[in-house]
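Here the structure is laid out as structure tokens; the discussion comes afterwards.
The values are calculated or read from the model by the stated rules, or taken from the named source; none is laboratory data. Not measured: the values here are computed from a predicted model. As a convention, Cβ positions derive from the backbone with ideal geometry for all residues, glycine included, and neighbour counts pool all protein chains shown. These area figures cover heavy atoms from the full protein model, side chains too; ligands, DNA and RNA do not enter into them. Shrake-Rupley method; radii C 1.70, N 1.55, O 1.52, S 1.80 Å.
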Amino acid sequence: MLSREEYIEQAYFFRMLSERLPENIPLQDLLGALSDEVLATTKLPLAIRFLLTELNHGGSMAPAMRRLPHYFTAYQAYLVDEAESERGRFDMRTAVAILQREAEYRTASPSRPGMFFYQFESICRNRLKYGPGLLAISQDPFYDEAWRGWILEVRKNIGILELPDMVYVNSENYRTRHADDPEEENPRQLLFGDGEGRIAVANRKKDPLFFFAALQRHLNYPAPPRPKPRDETKELIPQLIRRLERLETRLKMVEDENRDGAINLDHLMRRPDDK
């Protein structure tokens, strides 16, 4: 785990990237400028220069982030890797927005349930791959061994079991309700409190988005950025102009036919020797 000072500078770094990427500034120029803006007493300027070197030579940042596991987590590298993939639809601006809110959450008083649900909901809402995403989450040093084992269990059973059920059986609410059950002689280590267990029970057999919304309200973790729908208003006016031009051409042809009894196509034809 890094110090709070490092996470504050990471949040600033990702926020500046999120704000300046829409300006169509080359990423190399952004990294070069931000390496001078961030606090020099942290390790972030060194990490940014390493990312810039890898970006100039290889054209991507994710391999460099994987080579710095003591500074960047596997989850951060996974998001950047998905954003740099040519086959996916995951945008780099969405990736840095997710990383910005995660770093800001780490500077406050994060909880392991809140951090997990933020990271997992970010994967779900942006339609990323569950397998490598949950594997990257499990490698985060913020989680202990019990949490890593449970996250890998979720990775194995996702799509077979519902997430509220997997949360409920690892909560204090489940232990309270099954305190007299003889089959629970060796209870598992609890990862969630009574409140998370009651939320899970209330959202069984429902839309998972309702489950995430309730957890966000009660655990107070940041809302993951959602993919924005494509804005087609910019293309609407050029399309209307082209349609009006076609209509004008058709009206002129109809007027020529009504006036002369035939359509004049001389302006559409040229002689073979006409250069």
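Take the conditions of a type in the set (Lys, Arg) and closer than 23 Å to ALA223 by Cβ and apply them to ARG112. Does it pass?
Answer is yes for this residue.
Taking the condition touching a Leu at 6+ places or on another chain (Cβ under 8 Å), basic (Lys, Arg), under 20 Å from GLU102 (Cβ atoms) and open to solvent by 10 Å² or more (accessible area, probe 1.4 Å), does ARG66 pass?
Details: touching a Leu at 6+ places or on another chain (Cβ under 8 Å): no; basic (Lys, Arg): yes; under 20 Å from GLU102 (Cβ atoms): yes; open to solvent by 10 Å² or more (accessible area, probe 1.4 Å): yes.
No.
Of the residues ALA47, ALA77, only one is in contact with a Lys or Arg (Cβ under 7 Å, 6 or more places away or on another chain) and open to solvent by less than 30 Å² (accessible area, probe 1.4 Å); which? Write out each step before concluding.
Details: ALA47 fails: in contact with a Lys or Arg (Cβ under 7 Å, 6 or more places away or on another chain).
Just one listed residue meets the conditions, ALA77.
Return a yes/no flag: does the stretch 155-165 have any residue that is more than 26 Å from ASP91 (Cβ to Cβ) and crowded, with 17+ Cβ neighbours inside 10 Å.
So in the stretch 155-165, the residues more than 26 Å from ASP91 (Cβ to Cβ) come out as 156-157, 160-162, 164-165.
Retained after the next criterion (residues that are crowded, with 17+ Cβ neighbours inside 10 Å): 162, 164.
Yes: one or more hits.
What are the residues in the stretch 32-66 that are closer than 19 Å to GLU6 by Cα and of a type in the set (D, E, K, R), if any?
Of everything in the stretch 32-66, those that are closer than 19 Å to GLU6 by Cα and of a type in the set (D, E, K, R) turn out to be ASP36, GLU37, LYS43, ARG49, ARG66.
For the stretch 38-73, enumerate the residues that are in a helix (DSSP H, G or I) and touching a residue at least 24 places away in the same chain (Cβ under 8 Å). Steps first, please.
Initial filter on the stretch 38-73 (in a helix (DSSP H, G or I)): 44-58, 62-66.
Scanning the stretch 38-73 gives LEU44, ALA47, ILE48, LEU52, LEU55, ASN56.
What single numbered condition from (1) of a type in the set (Ser, Thr, Tyr); (2) open to solvent by less than 30 Å² (accessible area, probe 1.4 Å); (3) over 20 Å from ALA103 (Cα atoms) fails to hold for THR42?
The single condition THR42 does not satisfy is (3).
Counting only residues that are at pLDDT below 90, under 29 Å from LEU99 (Cα atoms) and open to solvent by 100 Å² or more (accessible area, probe 1.4 Å), how many does the stretch 179-232 have?
Of the residues in that region, 6 qualify.
With ILE25, ILE8 as the choices, which residue is modelled with pLDDT of 90 or more, β-branched (Val, Ile, Thr) and either surrounded by fewer than 18 Cβ atoms within 10 Å (Cβ to Cβ) or over 17 Å from ARG93 (Cβ atoms) (or both)?
Values: ILE25 fails: modelled with pLDDT of 90 or more.
None of the other options fit; the residue is ILE8.
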